[in-house]
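Reviewing the structure listed below.
The values are calculated or read from the model by the stated rules, or taken from the named source; none is laboratory data. Remember, it's a predicted structure, so these values are computed and weren't measured experimentally. Reconstructed Cβ throughout: ideal geometry from the backbone, glycine too, with neighbour counts over all protein chains shown.
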Amino acid sequence: MAQSILFVCLGNICRSPSAEAVLRHLAQARGLDLTIDSAGTGDWHVGEPPYGPMQAAAAARGYDLSGLRARQVSPQDFHSFDLVIAMDASNMSNLRRIQPQGARAILRLFIDFAPHSGQSEVPDPYFTRDFDAALDLVEEAAQGLLAQLQ
């Protein structure tokens, strides 16, 4: 079973920190001890908290993103994590490009864990402004991921 998971989106201020918080919450409720983190492929928001409207939408569902801070994916992440999970095809392409040779991490798309969603990726609510729809997909995919891990 994968013990360490890194979620990745573009800026690490909406989708990936939400996935981190949701999976952490669900894993703890099931008594699973997982290392969970998030990062972005870009460096625009390094050190910043998650986007305010994303925090508000997550808080309304009981997820606290306030202590998280954006960071950029590093080559070491591919050696430190069992799974590196991208929110969309563009970020997956960027991850494949920077993944070091011989790294142990398995790359996956998050939406693959929500096969009945009818979606091909988790749309970026920073641009779509639909934070609740993004959280719906994150919750569904997190449940699917946990089912596969167990």
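Cβ-Cβ distances below 7 Å connect the following pairs, each with a first residue in the range 65-86 that is within 11 Å of Ser16 (Cβ to Cβ), a second residue that is among the charged types (D, E, K, R) and surrounded by 16 or more Cβ atoms within 10 Å (Cβ to Cβ), and a separation of six or more residues or different chains: Leu68/Glu20; Val84/Asp77; Ile85/Arg108.
Has the range 92-103 got at least one residue that is of a type outside the set (Ser, Thr, Tyr) and in contact with a His (Cβ under 6 Å, 6 or more places away or on another chain)? Yes. All of Pro17, Pro50 fail the test of being free of Cβ contacts under 8 Å to residues at least 60 places away in the same chain, under 15 Å from Glu139 (Cβ atoms), crowded, with 16+ Cβ neighbours inside 10 Å and in contact with a Ser or Thr (Cβ under 8 Å, 6 or more places away or on another chain), apart from Pro17. Within this structure, Leu135 passes the test of being closer than 18 Å to Asn12 by Cβ, of a type in the set (A, V, I, L, M, F, W, C) and part of a helix (DSSP H, G or I). A single entry from Leu149, Leu145, Leu137 fulfils the requirement of being crowded, with 16+ Cβ neighbours inside 10 Å, at pLDDT below 95 and under 16 Å from Glu20 (Cβ atoms): Leu149.
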